[in-house]
Amino acid sequence: MIGQLLFLNMLNKKNRLTKKKEIDLVFNKGKSGYNKYFGIKIVENRLGFSRVAIIIGLRVSRKAVTRNKVKRIITHILKQEFPDLKSTYDIVVVVLPPTVNLSFQELKYSIHSNFSKLGVFEF
């Protein structure tokens, strides 16, 4: 049961940015929105679906368990936000060190406010 829950929380393979070249393109040509918890770089794509990369370094936490937990929570939040996007985007989320101490609601609010600043929601 636990394995199934973890699998459901993962992004589909087609919704992941995996190649360095793709991530560099987003960093070079994308719009950015930063606050003290996250940096979000975003560029529109023409694929018909959005793709995401989450970058979380050792500065955030030395423990892999903590980094993976934060990444799973962010993935869950992003999957909820996908239907509200105006178009399809390539998104890179850079996690900053203060993120570890936030609750789920604070993380969700922070990501949502960054997306709102970038003007990518339909409403």
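Name the single residue, out of those in region 11-38 being surrounded by 17 or more Cβ atoms within 10 Å (Cβ to Cβ) and assigned to a strand (DSSP E or B), that is farthest from the chain's Cα centre (by Cα). Only one residue tops the list, namely Gly33. The set of residues in region 39-57 being among the aliphatic types (A, V, I, L, M), part of a strand (DSSP E or B) and touching a Ser or Thr at 6+ places or on another chain (Cβ under 9 Å) consists of Ile40, Ile42, Val52, Ala53, Ile54, Ile56. Scanning for something touching a Gly at 6+ places or on another chain (Cβ under 9 Å) and modelled with pLDDT under 90, does region 96-111 turn up at least one residue? Looking through region 96-111, none of the residues is touching a Gly at 6+ places or on another chain (Cβ under 9 Å) and modelled with pLDDT under 90.
Summed over region 56-79, the residues that are surrounded by 12 or more Cβ atoms within 10 Å (Cβ to Cβ) and either closer than 19 Å to Ile23 by Cβ or free of Cβ contacts under 8 Å to residues at least 12 places away in the same chain (or both) give a count of 10.
Close contacts from region 30-54, counting a first residue that is without any contact (Cβ under 8 Å) to a residue 60 or more places away in the chain and closer than 15 Å to Ile77 by Cβ and a second that is among the charged types (D, E, K, R) and assigned to a loop (DSSP other than H, G, I, E, B), with Cβ to Cβ under 9 Å and a gap of 6+ residues or different chains, come to none at all.
Taken over region 85-123, the criterion of being small (Gly, Ala, Ser) and assigned to a helix (DSSP H, G or I) is satisfied by Ser110, Ser113, Ser116. Show the residue pairs that are 6+ apart or on different chains and have beta-carbon atoms under 8 Å apart, the first residue being within region 81-102 and under 19 Å from Asn45 (Cβ atoms) and without any contact (Cβ under 8 Å) to a residue 40 or more places away in the chain, the second being β-branched (Val, Ile, Thr) and crowded, with 17+ Cβ neighbours inside 10 Å. As it stands, the answer is Glu81/Ile111; Leu85/Val120; Lys86/Val120, since those pairs meet every condition given.
The values are calculated or read from the model by the stated rules, or taken from the named source; none is laboratory data. Computed from a prediction, not measured in an experiment: that's the story for all the values here. When we count neighbours, we look across all protein chains shown, and the Cβ atoms used for this are built from the backbone with ideal geometry, even at glycine.
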